[in-house]
Every structure is written in C-alpha cells, then in structure tokens.
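J.: Attaching a single structure in structure tokens format; questions to follow.
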Amino acid sequence: MTVYAVGNIKIKNREEYNKYSDQFMGVFEKFKGKLLSADFDARAVQGEWDGDRLVLMEFPDKRAFLEWATSEDYQAIAKHRDAGADVTVVLANALEGAD
C-alpha cells in the first residue's frame, strides 16, 4: 500500500541543513520514493504550524520508505539534517483502493 511521508522542518542551522539538502536528491533517487513537494513557502490555512519547510514524499509501501530512511547512504547525510533542523516526519497510508 502506498505511503506518504510528511516532514515538518524547523531550520536551526542553515549551513548544516544545506549540507543535507545539497546531497538529498542524489541519495533519494537511488530508492523507490517520489518527491511530491519540498516547499519553503508552505503556510497553515487552519491551526498553527511553525515549520520553515514542508516536505511530502510518496513511497510504494512502508518497506520502501524504511529501506530509504535506514540506508547507509541516507544515514550518512541525515546527521547534517539533524544538526541543522528539528524535524518531525509523519508516515501515513494512502486511502485503501487509491493505488
């Protein structure tokens, strides 16, 4: 079943975050994900949201997401993400029958 990963990113060190961001696509493209949005201009239209960036990714299933997220290649750059931003990632299943 298709899953979506939604990242809420609050930048705290732009230089470290840029090290991550500059290498992200090179790693991401090796896996089965699809980047749907990476937006510095996302705005809450209801409720509160304090992120600087919203990222939306699609994966064929939870296993594909975990293969990417736990891969050595991704972990090698994730240290820059963690040093440069506070990140919350939510994993959500697609609606049944939407595949």
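Bear in mind that the values in this text are calculations on the coordinates, not laboratory data. Quick caveat: nothing in here was measured; it's all calculated off a predicted structure. Positions of Cβ are backbone-derived with ideal geometry, glycine not excepted, and every protein chain shown enters the neighbour counts.
J.: For segment 1-36: of the residues being of a type in the set (Phe, Trp, Tyr), more than 14 Å from His80 (Cα to Cα) and not in a strand (DSSP E or B), which is farthest from the chain's Cα centre (by Cα)?
T.: Phe31
J.: Could you check how many residues of segment 61-86 are over 22 Å from Phe40 (Cα atoms), touching a residue at least 12 places away in the same chain (Cβ under 8 Å) and not in a helix (DSSP H, G or I)?
T.: 2
J.: State whether the residues of segment 87-99 include one that is touching a Ser or Thr at 6+ places or on another chain (Cβ under 8 Å), of a type in the set (S, T, N, Q) and in contact (Cβ under 8 Å) with a residue 24 or more places away in the chain. Walk me through it before giving the result.
T.: As a first pass, look at segment 87-99 and keep what is touching a Ser or Thr at 6+ places or on another chain (Cβ under 8 Å): 93-94, 98-99.
Remaining after also requiring of a type in the set (S, T, N, Q): 93.
With the extra rule that they be in contact (Cβ under 8 Å) with a residue 24 or more places away in the chain, the set shrinks to 93.
Yes, because at least one residue in segment 87-99 is touching a Ser or Thr at 6+ places or on another chain (Cβ under 8 Å), of a type in the set (S, T, N, Q) and in contact (Cβ under 8 Å) with a residue 24 or more places away in the chain.
J.: State all residues of segment 73-99 that are loosely packed, with under 12 Cβ neighbours inside 10 Å and within 24 Å of Glu15 (Cβ to Cβ); if no residue qualifies, say none.
T.: Gln75, Ala76, Thr88
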